[in-house]
Amino acid sequence: VVIDNKIKYYELLMKYDDTSNYKKYPLPDNYHFEYYQEGDELAWVNIHLESGEFTGINQGLEWFHQFYDSFINELNKRCIFIVDNKTNEKIGTATVSLLKEKEYDYDAAIDWLAIKKTYQGKGLSKSLISKIIEIANNLGHKKLILHTQTTSPLAAKIYLDYGFDIL
């Protein structure tokens, strides 16, 4: 999702309070999901680079390790990628994060959801959100929190349209 730095930044906290009840949106043809595997760090960084989150690979790798190292051994069941079947390129990602400390009585969050700019507008975000909520539910997380910001108004709209509420 495109970041618009002309908009004043405010954090938006959103919630999804029943992961057993979610809209299922299958991936369009020519795409499939893959879980994180060791060595996927650069694919993760490249998705976020292209979506405007980072300014360079080193910054992205720093954020990856700062954020994920505390539960790196669980990423293979918590971090998902959308893969383009034609190119085998990882083009989208999202994570169900395990929070170190509860936040507003939530112990899990949807984090780092992004799709490469060249793939946006193809109906992939709803499929990615649907899949990440399914994963959260299967992991026993019945409710989720998510952080977004006013500088990503399209992301906020997508979450609200999907059924998230402002916390």
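The values are calculated or read from the model by the stated rules, or taken from the named source; none is laboratory data. Since the structure is predicted, the reported quantities are computational estimates derived from the model, not experimental observations. Cβ coordinates were reconstructed from backbone atoms using ideal geometry, including for glycine residues, and neighbour counts include every protein chain displayed. SASA here: full protein model, heavy atoms, side chains in, ligands and nucleic acids out. Shrake-Rupley method; radii C 1.70, N 1.55, O 1.52, S 1.80 Å.
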Inset, instruction - For segment 113-167, give the magnitude of the charge dipole about the Cα centre (Cβ charges: +1 Lys/Arg, -1 Asp/Glu; no others), in debye to the nearest 20. - result: 200 debye
Inset, instruction - Could you tell me whether segment 107-167 comes out rounded, prolate or oblate from its Cα gyration tensor? Rule is a ≥ b ≥ c as square roots of the eigenvalues, rounded for a/c under 1.5, then prolate if a/b exceeds b/c, otherwise oblate. - result: oblate
Inset, instruction - Could you tell me which of Asn88, Tyr104, Leu75 has its Cα farthest along the dipole of segment 65-116 towards the positive end, charges placed at Cβ (Lys, Arg +1; Asp, Glu -1), taken about the Cα centre? - result: Asn88
Legend entry - Where only C-alpha atoms are counted, convex hull volume of the chain per residue in Å³: 112 Å³
Inset, instruction - Output the DSSP H helices from the chain with an along-axis C-alpha extent of no less than 30 Å and a mean Kyte-Doolittle hydropathy no less than 1.0. - result: none
Legend entry - Residues with amide H under 5 Å from that of Ala108, placed H, sequence gap 5 or more: Leu99, Ile145
Inset, instruction - Would you grab the residues whose amide H sits under 5 Å from the one on Leu167? Only those 5+ places off in sequence or on another chain, please, with H modelled 1.01 Å from N. - result: Leu13, Met14, Lys15
Legend entry - Accessible surface of the chain, 1.4 Å probe, proportion on carbon and sulfur as whole %: 48 percent
Inset, instruction - Would you tally the net charge around Lys24, using a Cβ to Cβ cut-off of less than 13 Å, leaving Lys24 out, and scoring K and R as +1, D and E as -1? - result: +2
Legend entry - Per residue value of the accessible surface for the chain (all protein chains in place, 1.4 Å probe), Å²: 53 Å²
